[in-house]
Amino acid sequence: MAPSFRSRSPGGESKQTAKDLAVNTLLATLRVTKEASAAFPPLQSVAGGLLAVADIVKKMTANADDIETVTKYINSLNEVLAAAKPPEGAAYPKSLQDRIEKLSREIESISRDLQSLKSRRLFSRLISSDETSDKIQECLRSLSWCIHNFNVPSSIAIEMAVDSSRVICEKDTQLDTLATIWSWTKRAPQDPSPARALDAKDSRVFWLSGLAGAGKSTIAQTIAKRCDDAQFLGASFFCSRDSHECSNIQLIFPTIAYQLYTRSTRFRNEVSKVLQEDQDIHEASPSRQLQRLIVEPLRIAREEGNFPECAVVIDALDECRDDDATSVVLRALSHYVDALGPLRFLITSRPIPRVHGGFRLPGLVNNTKHLALETDIPAETARHDIELFLRIQLEEVRQVYGVKTKPWPRPSNISLLAERSNTLFIFAATAVKFVKDDRVCNPERQLTRLLDSEQPILDSAMSPHRSLDLLYLQVLQEAFPKLDGTLMAQFKLVLGSIVLIRDRLSPSALEDLLNRQSNAVRVESTLLPLRSLITVLERSEGEVIRLIHPSFHDFLVDRSRCTDVNFVVNPKLQHTVLAKCCLSALKDLRRDMCAIGDTSKLNGEVSGLHKRISRGIPASLQYACRHWAFHVSNADIDDETVQLLSSFCVPEFMLRWLEVLSLLGELGGAINALHSARLALEVLPAPVSEILVLLDDCGRLVREFYPGLSACASQAYSGVISFCPTEIRFWKLHMSSNTDDIPRLVSGMQQSWGPCLSIMEGHFDNVTSVAFSPTGDKVVSGSGDGTIRLWNVETGSHLHTLYGHSQGVNAVAFSPNGQEIASGSDDATVKVWDSVTGACLRTLTNHDQSWVETVAYSPDGRWLASGEHDGAIILWRLDVETTTQLVMYGHESAMHAITFTRSSSFIISASSDGRCQVWDHQQSLSIRSYGRGVPATSVAIAGDDKTVACGYVDASIVLLDFTTLTCTRELKGHHAGIGSLAFSPDNPILASASWDHDINLWSMEDGEQIGTLDLLIQFRLVSSYMAVEVSSSSTHEASRDAPLPDSPTYPWAVRAALSASQAAP
């Protein structure tokens, strides 16, 4: 045998073996793909392209890790394709077909690149081996990326929902509206038609508004399809109140960003960087998501000139769950609309106040074309379109059922139905469904019954929904002419559940959930008579139930609209039923329901996790895990509910619940769920103290171990309990009944929860000021690094960063309505910010460029006061078009704190000159003063405007009578100067933060100290500044201690601190 002259490098054989193993695994995976492709030719092309790539990689030098990454994505691809497979005889949705074909083209391109590398001469490949290796790696990563882009489940789910449940406008209907919108897109007309495009000014945003049922979504879908056909559709998001995902405002901009990936390689790369650098972006505010995921990548892509103009469609924005007075999405768009360059936004909604107000914001008011269907489109045009729709649809019914009567329907029949519709297309669609009901199979009779009803013809201006309500009522009464007690109970249970559930469920999943409380529920048989109002849609995960239109939900829960007591839904009672069903379902929770086995695996490392979840956790149980607390918080809680909660609120089941939430990627909702359940229970007279304690413990547990628990579900058992405090109820109950081999710490265990709920880190210098939002769900912090950060109180997640100050920020404050944030800085400016978008609304410059030490809003929101380093107080009038300034002098040195009385009539100030003063700002006069020989550092006033607290550098706190400003009591307990003071909203407690690193809590009844939060012991922090703020709920405090770079902000549990201090000997 001839000797081998092949050189060997250290580890070369093991590397070759690893590569061979990776390639063999890849080929085995591809065989699954090839088998799945038999039913659909474009899939065969994908499989063939992947096999070609694998063949080339096998013969060339490639990194085993890169091959394994490709294999992982192909495994996910196989799961997605299996889940998306349509029923036998049905076709794949058009959008999915297009995406598969696009994936095939991308794989073919990568295959050609690899083939060109392989075809190079051997000598050329050898002398440039590093370059060749890099190019192979780049090709494999490109392959992983394009497969990943195809696999994103949320995007596929949205697209499949659009294909299977939404329709486009009937031919020759809505012509004027469609022509107007198409003209606004600046695209060439697709079809010659007699349509008259209304004036569509050159604007970045088009708002189409209309009443529920007016046809907005159908128009949006039609425009989306036309844009897609013209390769002009950049992205779309169809909101829906009956889908958890499609009503989540935090999914809108990430979904749009994902869909825009394909428009530009540079845009895609920039978004990828953001996702790697900011892994919590999914929890950020919509405004920050828009900025980071769309605006900034778009700017970079446009600088290179490779991002084409395209349309973004957002339908039914009013159906998103958004509690703000002004739409959060629109506030974000208003701030960034000028930076969105080539994107044109079509937005549809009902003209509700929060949406209407959003379009009046400065950024949108002059950059939006508004078309209102109820006013801008003549009623006769809408009626003509509805007649045409009815004519086409009923002609199809005539052909299907072989109606012999001619003419059928008569023109007068169609005219009468169109008149009754009051220009609402949903009326016509419901009428057609009623006529063609396949249970009756007699469209002539159904039409006659519909026309012969005693429904009055009403003027739409008087009651736009009345005719639709009467139609809904007629359909219900025809479907259930006689309801005995048993049938009525079942009907209301099923119908009420469909109306109020938070996610769409299949008939079998809903039946499984409801039968936790009643074994006789038959969902499918109950729904059969209601096919004209409720549809059962095919989805990749099976069938799901959906109301024909959101207006049917509004009708059923409104007693003034649904006048038949047999059909009206009582939301509170229905939530009670659903709460009991969910809590009963939670009894099925078991450890490791997905049979993962290996407790060391992170969730992302579990092979086929989606399939495991579907197989191991029934849809009804998934629903119960996600939404039990929502139904409990909206229910009438009775003894049975309390008993069910008692059964669930034990460590065994709560840990299993956390495990499931972690696997579902929903752990972030656990804290809010536990908090909302607690709020619902604590007002009850029932003995629920044990439940409340365990809910608190579980909430603290999630906060404490959130990062690890969200990444690895098994940490609910092995990585949580071992580190819990040993004296809390949760730990004791678990240890008393648990026999599993859980690691136990020998020493160093805490006995109880510390008062610190979470640490929020991100600033790069001292945190100088903190403030709670009026609702208590957000904290704002100002820092010496010149930035302001907004945080979520419950999860500690970073929501937004506000940039604009050129020097350190000394003070921050929320406006009384929570819509704005004020900040004062060493750069001698006061800035007012939009708390949702982060936009700087105003920059207020003081008279002599003195540092701004403190800021405060008046409770009525009309005034903003700033305290200056030179001792002046500047008042800014905010409720006028041009901000006015009023300067008040009286202090001789730096201002440290100011606050308004509850009446907004007076200001109280504390200064380094040792004085606390009361000002009548209407007269610009100091009317009372209290002085000491040491600097005053802080001031606060009780909510009843009777007691003033003033803190001093000598560690004393003086309580003053507001009317005379005389000392009534002095509080001693700190060992260093007082940094900040705050009264609880109900006045009985005063919190003081000191430079001795303690936060003390004082009873206002007797002046006694009732609690201490010791920062130095818990966190070993040394600082010279401190701030404290009490939330409006009195259950949280926020403090800052300014010791180190990356200085954190701490929210504190006041209730826990009080309990701990009172229990101490």
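The values are calculated or read from the model by the stated rules, or taken from the named source; none is laboratory data. Only a predicted model underlies this, so the values are computations on that prediction, with no experimental measurement involved. Quick reminder, even Gly has a Cβ in these numbers, built from the backbone with ideal geometry, and neighbours come from all protein chains shown.
What do you reckon, is His335 crowded, with 24+ Cβ neighbours inside 10 Å, in contact with a strand residue (DSSP E or B) (Cβ under 8 Å, 6 or more places away or on another chain) and either in contact (Cβ under 8 Å) with a residue 24 or more places away in the chain or assigned by TED's automatic domain parsing to the domain that holds Thr255 (or both)? If you could, list the steps in order and put the result at the bottom.
Working: crowded, with 24+ Cβ neighbours inside 10 Å: yes; in contact with a strand residue (DSSP E or B) (Cβ under 8 Å, 6 or more places away or on another chain): yes; either in contact (Cβ under 8 Å) with a residue 24 or more places away in the chain or assigned by TED's automatic domain parsing to the domain that holds Thr255 (or both): yes.
Criteria met by His335.
Considering (1) in a helix (DSSP H, G or I); (2) within 23 Å of the chain's Cα centre (by Cα), the lone condition that Thr375 does not fulfil carries the number (2).
Give Ala635, Ala579 a once-over and let me know the one that is buried (at least 22 other Cβ atoms within 10 Å of the Cβ), aliphatic (A, V, I, L, M) and touching a Ser or Thr at 6+ places or on another chain (Cβ under 7 Å).
Details: Ala635 fails: buried (at least 22 other Cβ atoms within 10 Å of the Cβ).
Of the residues listed, the single one that is buried (at least 22 other Cβ atoms within 10 Å of the Cβ), aliphatic (A, V, I, L, M) and touching a Ser or Thr at 6+ places or on another chain (Cβ under 7 Å) is Ala579.
Of the residues Leu745, Leu799, the single one that is hydrophobic (A, V, I, L, M, F, W, C), over 28 Å from Trp995 (Cβ atoms), at pLDDT 85 or above and outside the structural domain of Ser676 (by TED's automatic domain parsing) is Leu799.
Could you identify the single residue in Trp863, Trp876 that is surrounded by fewer than 23 Cβ atoms within 10 Å (Cβ to Cβ), hydrophobic (A, V, I, L, M, F, W, C) and within 27 Å of Tyr336 (Cβ to Cβ)? Talk me through it step by step, then tell me what you get.
Values: Trp863 fails: within 27 Å of Tyr336 (Cβ to Cβ).
None of the others qualify; the one that does is Trp876.
How about region 932-953: which of its residues are closer than 22 Å to Glu892 by Cβ, surrounded by fewer than 21 Cβ atoms within 10 Å (Cβ to Cβ) and modelled with pLDDT of 90 or more? Within region 932-953, Val934, Pro935, Val953 qualify. Against the numbered list (1) in a helix (DSSP H, G or I); (2) free of Cβ contacts under 8 Å to residues at least 60 places away in the same chain, Ala585 comes up short only at (2). Within region 549-567, the set of residues being part of a loop (DSSP other than H, G, I, E, B) and crowded, with 20+ Cβ neighbours inside 10 Å comprises His549, Cys562, Phe567.
Every residue in region 929-953 that is over 16 Å from Ala897 (Cβ atoms) and free of Cβ contacts under 8 Å to residues at least 40 places away in the same chain, please. Spell out the reasoning first.
Just the residues of region 929-953 that are over 16 Å from Ala897 (Cβ atoms), to begin with: 933, 943-946.
Scanning region 929-953 gives Gly933, Lys946.
Checked against (1) in a loop (DSSP other than H, G, I, E, B); (2) out of contact with any Pro (no Cβ under 6 Å at 6 or more places or on another chain), Gly818 passes all but a single condition, namely (2).
Based on what the data block shows, is Ser911 crowded, with 24+ Cβ neighbours inside 10 Å, out of contact with any helix residue (DSSP H, G or I) (no Cβ under 8 Å at 6 or more places or on another chain) and within 20 Å of Gly824 (Cβ to Cβ)? Answer is yes for this residue. Residues in region 195-226 that are under 27 Å from the mean Cα position of the chain (by Cα), modelled with pLDDT under 90 and not in a helix (DSSP H, G or I): Arg204, Ser209, Gly210, Leu211, Ala212, Gly213, Gly215. Within region 707-732, how many residues turn out to be crowded, with 19+ Cβ neighbours inside 10 Å and assigned to a helix (DSSP H, G or I)? So the answer is 8.
Kindly provide the set of residues from region 778-815 that are over 24 Å from the mean Cα position of the chain (by Cα) and acidic (Asp, Glu), ordered by number. Outline the logic, then answer.
At the first step, the residues of region 778-815 found to be over 24 Å from the mean Cα position of the chain (by Cα) are 782-787, 804-813.
Across region 778-815, the qualifying residue is only Asp785.
Does Ser285 satisfy being surrounded by 20 or more Cβ atoms within 10 Å (Cβ to Cβ) and farther than 18 Å from Ile147 by Cα? When the stated conditions are applied, Ser285 passes them.
Within the bounds of region 868-886, is there any residue that is without any contact (Cβ under 8 Å) to a residue 12 or more places away in the chain and of a type in the set (Asp, Glu)?
Start the filter on region 868-886 by keeping residues that are without any contact (Cβ under 8 Å) to a residue 12 or more places away in the chain, which leaves 880-882, 884.
Now restrict to residues that are of a type in the set (Asp, Glu): 881.
Checked against the condition, which is being without any contact (Cβ under 8 Å) to a residue 12 or more places away in the chain and of a type in the set (Asp, Glu), region 868-886 yields at least one hit.
If we scan region 388-409, do we find a residue that is of a type in the set (Phe, Trp, Tyr), closer than 20 Å to Arg449 by Cβ, in a helix (DSSP H, G or I) and assigned by TED's automatic domain parsing to the domain that holds Phe425? Yes, region 388-409 contains at least one residue that is of a type in the set (Phe, Trp, Tyr), closer than 20 Å to Arg449 by Cβ, in a helix (DSSP H, G or I) and assigned by TED's automatic domain parsing to the domain that holds Phe425. Scan region 887-904 for residues that are part of a loop (DSSP other than H, G, I, E, B) and without any contact (Cβ under 8 Å) to a residue 60 or more places away in the chain and the total you get is 9.
Which members of region 775-790 meet the condition of being modelled with pLDDT of 90 or more and part of a strand (DSSP E or B)? Give the derivation first.
Our first condition is that a residue be modelled with pLDDT of 90 or more; within region 775-790, this holds for 779-790.
Selection gives Val779, Val780, Ser781, Gly782, Ser783, Ile788, Arg789, Leu790.
A quick yes/no check of all residues on (1) assigned to a loop (DSSP other than H, G, I, E, B); (2) surrounded by 13 or more Cβ atoms within 10 Å (Cβ to Cβ); (3) modelled with pLDDT of 70 or more:
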position	(1), (2), (3)
Ala90	yes, no, no
Asp98	no, yes, yes
Glu108	no, yes, yes
Ser111	no, yes, yes
Leu114	no, yes, yes
Arg125	no, yes, no
Glu131	no, no, no
Asp134	no, no, yes
Glu138	no, yes, yes
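Is it the case, given these coordinates, that Ser956 is closer than 20 Å to Met895 by Cβ and surrounded by fewer than 19 Cβ atoms within 10 Å (Cβ to Cβ)? Outline the logic, then answer.
Working: closer than 20 Å to Met895 by Cβ: yes; surrounded by fewer than 19 Cβ atoms within 10 Å (Cβ to Cβ): yes.
Criteria met by Ser956.
Name the residues in region 906-931 that are at pLDDT 90 or above and either of a type in the set (A, V, I, L, M) or farther than 22 Å from Glu970 by Cα (or both), would you? Phe906, Ile907, Ile908, Ala910, Val918, Trp919, Asp920, Ile927 - these are the residues of region 906-931 that are at pLDDT 90 or above and either of a type in the set (A, V, I, L, M) or farther than 22 Å from Glu970 by Cα (or both).
Please go through region 821-838 and pick out each residue that is among the charged types (D, E, K, R) and either more than 22 Å from Ser285 (Cβ to Cβ) or surrounded by fewer than 21 Cβ atoms within 10 Å (Cβ to Cβ) (or both). Talk me through it step by step, then tell me what you get.
Step one: filter region 821-838 for residues among the charged types (D, E, K, R), giving 826-827, 831, 834.
If the condition is that a residue be among the charged types (D, E, K, R) and either more than 22 Å from Ser285 (Cβ to Cβ) or surrounded by fewer than 21 Cβ atoms within 10 Å (Cβ to Cβ) (or both), then Asp826, Asp827 are the ones that fit.
Scanning region 410-431 for residues being over 17 Å from Arg445 (Cβ atoms) and not in a helix (DSSP H, G or I) gives a total of 4.
Just one of (1) in a loop (DSSP other than H, G, I, E, B); (2) surrounded by fewer than 19 Cβ atoms within 10 Å (Cβ to Cβ); (3) not aliphatic (A, V, I, L, M) fails for Thr801. It is (1).
Look at (1) at pLDDT 85 or above; (2) within 21 Å of the chain's Cα centre (by Cα) and you find that Thr326 fails only one, number (1).
Restricting attention to region 816-840, report how many residues are more than 25 Å from the chain's Cα centre (by Cα) and of a type in the set (A, V, I, L, M). Even if it seems obvious, please write down each step before you answer.
The initial filter retains those residues of region 816-840 that are more than 25 Å from the chain's Cα centre (by Cα), namely 822-832.
Subsequent filtering for residues that are of a type in the set (A, V, I, L, M) retains 822, 828, 830, 832.
So the count comes out to 4.
Just to be sure, is Pro297 modelled with pLDDT of 90 or more and farther than 17 Å from Ser236 by Cα? Taking the combined requirement at face value, the residue satisfies it.
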